[in-house]
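A.B. asks: Dropping a structure here in structure tokens format, bear with me for questions.
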Amino acid sequence: MKTKELYSRRKFMTASGALGASFLMPQIGNGNETTFPRLVNDNIHQFGKREGYGEQISILISMMDWMRFVILRDSKGLSQKEVDFLLDENSNSIGAMLMHLAATERYYQIDTFTGISKSKLGYGVEESVWRAASSLGDAGRKTFKGKPLSFYFDKLAEVREFSKTELKKRNDDWLMEYTNFFGNQPTNNYCKWFHVVEHESNHNGQIRFIKSRVA
């Protein structure tokens with residue numbers, strides 16, 4: 001390969017890598033109070049030991065806190081119009097997606113926190129509402145409209161508080177306990193709860209996109 005051609009290729013790859021990084025990196029600013037409302041623990045960017053949790057559960061909690069911070073930051077201050085906005089007749093609103101995140105976490109509470117009745121995990125919401133939050137679609141569009149942003153934030157907080165309280169009662173060995181789950185393959189509790197984090201990351205991209213499209 002000629003020197004000029006090699007240089008051009010390297011220049012293109014460098015530029016492409018920088019562009020890709022700009023999409024992957026969260027827009028978190030410089031950490032001042034305006035950009036970073038105090039929504040979770042102060043050492044949000046230092047994954048590690050958390051008081052009251054085992055070593056590996058601490059890492060899980062670190063990830064849960066960091067991703068939830070991003071969700072709340074990107075949804076904070078939305079107007080009712082933004083909360084209820086639909087891109088088209090088949091899309092989901094930001095409000096519905098926030099409730100969907102709470103419903104997904106609740107599902108993994110039911111699945112992994114054995115011995116706790118489903119009724120105890122109602123959080124003041126009817127089961128039909130949780131079903132709508134889980135399935136979204138027509139049920140979600142019908143159910144989640146006209147509710148203030150605080151409704152969704154409160155449910156996210158209630159569900160998360162219960163998760164963290166229960167995780168304090170469990171040790172790192174519990175994280176490695178498994179059942180056949182994803183693809184009917186052995187899936188441990190660590191993987192299930194990491195999915196709660198990954199799932200929020202997925203929907204955060206949708207939330208940011210919808211915000212950019214509100215007329």
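The values are calculated or read from the model by the stated rules, or taken from the named source; none is laboratory data. Bear in mind the structure is a predicted one, so any value in this text is a computation, not a measurement. Ligands, DNA and RNA are excluded from the accessible area calculation, which covers all protein heavy atoms including side chains. Shrake-Rupley method; radii C 1.70, N 1.55, O 1.52, S 1.80 Å.
A.B. asks: Return the subset of K76/K169; K168/K211; K120/K168; K120/K169; K147/K169 for which the Cα-Cα distance in this structure is over 27 Å, preserving the input order.
C.D. replies: Numbers: K76/K169 31 Å; K168/K211 36 Å; K120/K168 18 Å; K120/K169 17 Å; K147/K169 34 Å.
In this structure, K76/K169; K168/K211; K147/K169 lie more than 27 Å apart at Cα.
A.B. asks: What ranking of H45, H195, H203 comes out by heavy-atom accessible area, probe 1.4 Å, highest first?
C.D. replies: Numbers: H45 95, H195 50, H203 20 Å².
Sorted by accessible area, descending: H45, H195, H203.
A.B. asks: Probe 1.4 Å, all protein chains in place: accessible area of E55 in Å², nearest 10?
C.D. replies: Rounded to the nearest 10, the figure is 110 Å².
A.B. asks: Give me the 1.4 Å probe accessible area per residue for the range 84-211, excluding ligands and nucleic acids, in Å². Don't skip to the end; give the middle numbers.
C.D. replies: Values: 6370 Å² over 128 residues.
About 50 Å² of surface per residue is accessible.
A.B. asks: Round to a whole number: what % of the accessible area of the range 83-132 belongs to carbon and sulfur, probe 1.4 Å? Numbers along the way, then the final one.
C.D. replies: On the way: 1040 of 2160 Å².
Answer for the range 83-132: carbon and sulfur cover 48 percent of the accessible area.
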